[in-house]
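This report concerns only the one structure given below.
The values are calculated or read from the model by the stated rules, or taken from the named source; none is laboratory data. Keep in mind it's a predicted model, so treat the numbers as computed, not measured. In this analysis, Cβ positions are derived from the backbone assuming ideal geometry, glycine residues included, and neighbour counts consider all displayed protein chains. All accessible areas refer to the heavy atoms of the entire protein, side chains included, with ligands and DNA or RNA removed. Shrake-Rupley method; radii C 1.70, N 1.55, O 1.52, S 1.80 Å.
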Amino acid sequence: MKQIALALLCALPMLGLGQSSALTTQLYDTYENYKEGSIGKRRIKRADIQPLIATYSSNPKFKVSTVGRSIGGKELSLISLGTGDVNVFLWSQMHGDEPTATQAIFDILNFFDSKDFKEEKEAILSNLSIHFLPMLNPDGAELFQRRNLLGIDINRDALRLQSPESKTLKRVRDSLAADFGFNLHDQSTYYNAERTDKPATISYLAPAYNYEKDINEVRGNAMKIIVFMNSILQKYAPGQVGRYNDDFEPRAFGDNIQKWGTSTILIESGGYPNDTEKQEIRKLNYVSILSAIYTIAKQNYKEIAIGEYEKIPENDRKLFDLKITNASYNLMGNSYKIDVGIHQVEVDYADHNSFWYSSRILDQGDLSTYYGYETLDATGYTLKQATAYPKTLNTLNEVQSLDFGQLLKDGHAYVRMSTIPAKQLNSPFPVHLIGANYKIPELKLQPGINPTFFLEKDGRLEYAVINGFLVNLSQSNIEVPNGMIYK
Ligand SMILES: [Zn+2]
């Protein structure tokens with residue numbers, strides 16, 4: 001990478017940022033006052049944000065315009081405020097299943113609509129004009145899928161501009177001649193900061209604008225903002241920030257918008273322990289993006305040393321939801337030591353408003369270079385086949401009344417039913433439901449199978465893994481969201 005002259009700030013990298021840091025703390029502490037309560041889970045749709053956009057349309061502090069429509073005819077709205085000469089453009093959810101920053105945008109709008117933080121807001125709005133384009137891919141959001149209705153990835157359409165969503169993004173960027181761009185995404189929760197067990201809760205990239213990965217002033221400013229945002233996140237999610245590979249992708253929007261002269265900051269919201277709906281990550285978006293906006297307004301980012309950017313750990317993808325290590329596994333008369341890596345895979349219900357789990361073994365063997373959100377050291381434990389409860393039941397109510405804690409202690413992870421209701425997609429219980437003639441397959445660990453087994457030590461079952469969720473059999477709580485159905 002081409003080196004550029006660094007300011008002499010290595011000694012004082014945070015010079016002039018004291019004020020921003022104080023603001024950050026206040027933003028974090030008062031967040032609940034501004035959180036938009038009507039959108040609190042990942043599966044949100046255009047109809048969910050429509051009432052919010054309508055409210056801002058009739059609010060004189062904001063200017064709302066329809067800047068385009070999706071292939072499916074859904075409006076793309078731009079919400080603007082501020083009178084400054086520096087244009088900041090933020091767009092979210094060009095991938096339909098990446099909603100975290102869309103939620104944070106409406107929190108940020110609530111912040112600007114409030115009467116608080118007068119001085120800071122005056123500094124921001126007199127120096128900047130800020131433009132938000134939330135949910136660029138509303139058709140994808142409707143189906144909670146990455147791609148749009150054309151079945152393409154909008155982020156590979158920056159040159160060909162076939163999709164109306166892509167055309168809109170380019171046209172708005174050009175019409176604003178935006179100085180700064182925030183390209184807001186979600187990434188897989190399985191990313192970690194390299195060689196650590198810390199999830200990459202947020203990952204950043206100042207995209208390259210050529211294959212040489214040169215750093216001009218436009219890209220350099222994006223790097224400085226990222227260094228600033230990283231310093232904020234380290235306070236609230238230490239070690240949980242990653243940096244994306246900056247290989248040039250000629251078809252991507254981030255790379256091109258950087259090339260077109262807008263300092264572009266890619267933000268990817270990843271995973272955070274016990275935050276399935278990513279509401280803590282949403283808060284971190286709110287705090288760090290607003291702080292960045294303030295720093296752009298005050299221009300004190302200019303003092304930051306670009307060299308700090310390269311020190312952010314790279315993104316890696318080495319996390320499992322559940323990792324079991326050193327278990328003994330008996331196969332054809334021999335015993336083997338094995339690690340098992342499990343993903344708890346979400347399956348949407350037909351309306352794409354909620355989901356259930358159909359988990360998978362993703363990998364097995366020596367997984368010592370991988371990590372888990374939850375890890376069990378199974379040294380001394382032997383993997384055991386799960387069996388069926390001996391009685392056949394007729395109704396879901398009858399199953400409901402079973403003592404599941406006792407069933408699992410007895411090694412039963414399956415309940416046989418005379419007839420499984422046809423509409424039922426999964427078992428609402430911490431056991432699998434099986435049909436009258438279903439034959440439970442012999443436990444044969446393979447990537448791709450549903451992880452269901454027991455862990456035995458000294459002749460006693462101590463743990464169960466049901467549909468990829470770990471249950472400690474000596475405790476009364478069973479946190480298995482659902483089981484499977486095998487007819
Ligand atoms: Zn994305």
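Brief remarks follow.
- The residue pairs whose first member lies in segment 86-101 and is open to solvent by less than 10 Å² (accessible area, probe 1.4 Å), whose second member is among the charged types (D, E, K, R) and away from the ligand (no atom under 11 Å from the Cβ), and whose beta carbons are closer than 6 Å, counting only pairs six or more residues apart or on different chains, are PRO99/ARG42; THR100/LYS278; THR100/ARG282.
- Per-region count, segment 261-277, residues open to solvent by 10 Å² or more (accessible area, probe 1.4 Å) and closer than 19 Å to LYS235 by Cβ: 3
The rows are residues; the columns are (1) within 16 Å of the ligand (Cβ to nearest atom); (2) touching a strand residue (DSSP E or B) at 6+ places or on another chain (Cβ under 6 Å); (3) within 26 Å of PRO51 (Cα to Cα).
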| residue | (1), (2), (3) |
| --- | --- |
| SER114 | no, no, yes |
| LYS121 | no, no, yes |
| ARG146 | yes, no, yes |
| ALA158 | yes, no, no |
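- Residue within segment 232-240 that is crowded, with 24+ Cβ neighbours inside 10 Å and either of a type outside the set (Asp, Glu) or at pLDDT below 95 (or both) present: yes
- Qualifying residue in segment 247-258 (condition: closer than 24 Å to TYR373 by Cβ, surrounded by fewer than 19 Cβ atoms within 10 Å (Cβ to Cβ), within 16 Å of the ligand (Cβ to nearest atom) and not hydroxyl-bearing (Ser, Thr, Tyr)): no
- For segment 207-228, the criterion of being closer than 18 Å to TRP91 by Cα and either polar (S, T, N, Q) or within 16 Å of the ligand (Cβ to nearest atom) (or both) is satisfied by at least one residue.
- Test result for GLY372, outside any strand (DSSP E or B) and either surrounded by 12 or more Cβ atoms within 10 Å (Cβ to Cβ) or at pLDDT below 95 (or both): no
Residue-wise test of (1) in contact with a Cys (Cβ under 8 Å, 6 or more places away or on another chain); (2) open to solvent by 10 Å² or more (accessible area, probe 1.4 Å); (3) polar (S, T, N, Q); (4) assigned to a strand (DSSP E or B).
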residue: ALA436; (1), (2), (3), (4): no, yes, no, no
residue: VAL465; (1), (2), (3), (4): no, no, no, yes
residue: GLN475; (1), (2), (3), (4): no, yes, yes, no
residue: VAL480; (1), (2), (3), (4): no, yes, no, no
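- Among the conditions (1) among the hydroxyl-bearing types (Ser, Thr, Tyr); (2) exposed (fewer than 13 other Cβ atoms within 10 Å of the Cβ); (3) not in a loop (DSSP other than H, G, I, E, B), THR379 misses just one, which is (3).
- Taken together, the criteria place ARG195 among residues that are away from the ligand (no atom under 16 Å from the Cβ) and either at positive phi or in contact with an Asp or Glu (Cβ under 8 Å, 6 or more places away or on another chain) (or both).
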